[in-house]
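Some notes on the structure that comes next.
The values are calculated or read from the model by the stated rules, or taken from the named source; none is laboratory data. Everything numeric in this text was worked out from a predicted model, so none of it was measured. Cβ sites come from the backbone with ideal geometry, for glycine too, and all protein chains shown count toward neighbours. Please note that ligands, DNA and RNA were not included when accessible areas were found on the heavy atoms of the full protein model with its side chains. Shrake-Rupley method; radii C 1.70, N 1.55, O 1.52, S 1.80 Å.
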Amino acid sequence: MDVAGTHAAIELPEGSWWDWDVVTWDGGELRLAADSDLTYHHGLELRFGEPLFVSCPSAFQDPIFRAPSFDEVLKVTRQLGCEPTVVVAFEAEAEAGGQETVSCLIAAARLDIVQEVVLRYWRHDAGPGQRFAPWVTPPAQ
């Protein structure tokens, strides 16, 4: 199997992107969210369109993004039968405090990096440019 593509490390916008979790994951999209603290909101999303291969915990901290190795791309290519357009690799702390580091790998058809405020709780006075996480709904009237 020929593995010819070049997959560079992704570059994130400036910000404190320490705390990460999976916001949504269905057949069409895997969405990772990040901020300095995910309690009330997140300010960054990595949106993987048509995720093909995912190996990462549902929550992690302090990821270090890097270019995937030849062997990682080959592994994914063999499993899928073709080389994916996007392959993202990173090392992250699986728990706060850095006791365990895990190697993570995600392959997808596309990747969008979106920086905007996404509230994780209901707020009737949410301003322009703010939206709600998928699980947030207005209180029952």
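Structure notes:
- Scanning segment 94-115 for residues that are open to solvent by 40 Å² or more (accessible area, probe 1.4 Å) and within 15 Å of Trp20 (Cα to Cα) gives Glu95, Ala96, Gly97, Thr101, Ser103, Ile113, Gln115.
- First in segment 76-88 and closer than 19 Å to Leu12 by Cα, second anywhere and open to solvent by 50 Å² or more (accessible area, probe 1.4 Å) and assigned to a strand (DSSP E or B), Cβ under 7 Å, 6 or more apart: Thr85/Arg110; Val86/Arg110
- Identity of the residue in segment 101-122, outside any strand (DSSP E or B) and touching a residue at least 60 places away in the same chain (Cβ under 8 Å), that ends up farthest from Glu45 (Cα to Cα): Tyr121
- In segment 20-76, the residues that are farther than 20 Å from Ala94 by Cα, loosely packed, with under 15 Cβ neighbours inside 10 Å and among the acidic types (Asp, Glu): Asp26, Asp71
- Residue match in segment 94-103 (condition: among the acidic types (Asp, Glu) and modelled with pLDDT of 95 or more): no
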